[in-house]
């Protein structure tokens with residue numbers, strides 16, 4: 001009897017959460033960074049490259065045992081601590097324990113399936129939507145400083161990411177013979193010197 005009551009309570013909680021608009025984005029840690037699932041697709045935001053001038057350092061990414069945090073370490077000694085809050089739909093990147101060198105950029109690149117060129121769309125900062133092209137036209141489909149990107153699959157579902165104002169782009173990686181598109185976000189550590197952490201807020205877009 002107790003088991004039945006517990007089962008009913010869990011079902012009621014699940015239905016109530018759905019009615020209240022529970023997050024439609026599922027998060028997990030990936031071998032390269034943070035993964036999220038929405039619109040029937042799985043996307044990965046890898047730990048970013050660390051760039052100064054013409055020099056780029058690749059991250060050494062270590063997942064935490066708690067399943068919701070990790071740390072990216074770089075040859076320079078810079079550390080980027082990552083925390084996922086699934087309920088809030090956020091990924092926070094904290095570099096408060098590291099020294100910030102002038103000119104340092106963190107470059108994120110999230111791949112988007114090539115199949116999005118069958119009616120998928122993209123937009124920066126709520127601007128007009130562009131369509132992913134069937135064939136390679138140019139490297140950069142849209143670019144500029146923005147605080148939001150929207151990516152919509154051919155089904156009409158998709159996701160949006162809100163982030164601090166920085167340079168972003170949606171690009172066609174077929175330029176380098178990759179069968180994918182990509183969302184690129186370049187975080188300038190010196191843009192707001194007092195800032196020591198930043199957050200991506202990811203939301204689902206429903207048809």
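Computed from the coordinates by the stated procedures, all read-outs in this text should not be read as laboratory data. From a predicted model like this one, the values you see are computed outputs, not experimental measurements. Heads up, the Cβs are rebuilt from the backbone with ideal geometry, glycines too, and the neighbour counts pull from every protein chain shown.
Applying 1/(1 + (r/R0)^6) with R0 = 45 Å to the Cβ-Cβ distance of residue 97 and residue 138, what FRET efficiency is obtained, to the nearest 0.05? Here the calculated transfer efficiency is 0.65. The calculated 222 nm mean residue ellipticity attributable to helices in the chain amounts to -3000 deg cm²/dmol, summing -39500 (n - 2.57) over DSSP H runs of n ≥ 4 and dividing by all residues. Spin-label model, residue 129 to residue 76: label points 7 Å out along the Cα-to-beta-carbon direction sit 3.9 nm apart. You can think of it this way: the chain between residue 86 and residue 65 has 6.0 nm of extra reach, that is 0.36 nm per residue less the Cα-Cα gap. Stretching the chain fully between residue 24 and residue 58 yields a gain of 9.1 nm (0.36 nm per residue, less the alpha carbon separation).
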